[in-house]
Every structure is written in structure tokens, then in C-alpha cells.
Amino acid sequence: MTDYLVDDKTNLLTVQGSFSRIWRAYLVAILAISLLLQIWAIVITLSYVGKNFPGFRFEPTLTVSSFALAAWPGSQAGLTQQERILQVEGKQLAGPDELWRLARSTPAGTP
């Protein structure tokens, strides 16, 4: 049952009862989900700290992504959008995981 109360000082109508409790529960649920998503994003972001970057962004198909910054080594080396990376230093790539493994095992600053 919903109760309506009028504050004598402000003449404001307030709603009390199951309706306001439901909205409060929805608000708490939305805030909790938002907090969990923010924590997840921070954890994922921090997992990349200290790891080598190949100098360009690539897709799971080993094609160079359309997103690149001019300062990235891949852009400076002349890699362009949609080029496909087939091998690294003469070694055929099996997939994107292998390219990440090779990039991360190479010392930082190595061309």
C-alpha cells in the first residue's frame, strides 16, 4: 500500500510505501552494476600496463586496424589500414595470439 504524506512546513507531497522501495531497489541495482563495470574496466586496463605494444593495432584476422596514431612505430614504418600481417622476421604467424606473444617477448624499443 502506498501512503501519501504532506509536509506541513513545505507543503510537499511525499510518497512512501512499496512504490518508493521498488525505485530505490532499482537505483541501488543500477549503481551496483555501474560500479562493477567500472571496476572491470580498470582491472582490464591495468592488465596492459608494463606489457610491450607491437606499434600498431591489429584485428583478430591479423589485419592492421583503421585506428592508428602517427607517433606509433607501425605508422612510422609505413603500415597502412587493412594490410595483413602474415609473418614476423620470416616466421609464419598462426594467429593473433602468436603476434601478441612475439611482441611481448621482444625487449621494449626493439625495432
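At-a-glance table
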{"item": "Among (1) surrounded by 10 or more Cβ atoms within 10 Å (Cβ to Cβ); (2) polar (S, T, N, Q); (3) out of contact with any Ser or Thr (no Cβ under 7 Å at 6 or more places or on another chain) - the single one residue 81 does not satisfy", "result": "(3)"}
{"item": "Set 39, 30, 22, 85: member being among the β-branched types (Val, Ile, Thr) and in contact with a helix residue (DSSP H, G or I) (Cβ under 8 Å, 6 or more places away or on another chain)", "result": "85"}
{"item": "Conditions (1) exposed (fewer than 14 other Cβ atoms within 10 Å of the Cβ); (2) touching a residue at least 24 places away in the same chain (Cβ under 8 Å); (3) among the small types (Gly, Ala, Ser): number failed by residue 71", "result": "(2)"}
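Coordinate-derived values only; no laboratory data. Just so you know, these numbers come straight off a predicted model, no measurement behind them. Here the Cβ is made from the backbone with ideal geometry for all residues, glycine too, and neighbour counts use every protein chain on show.
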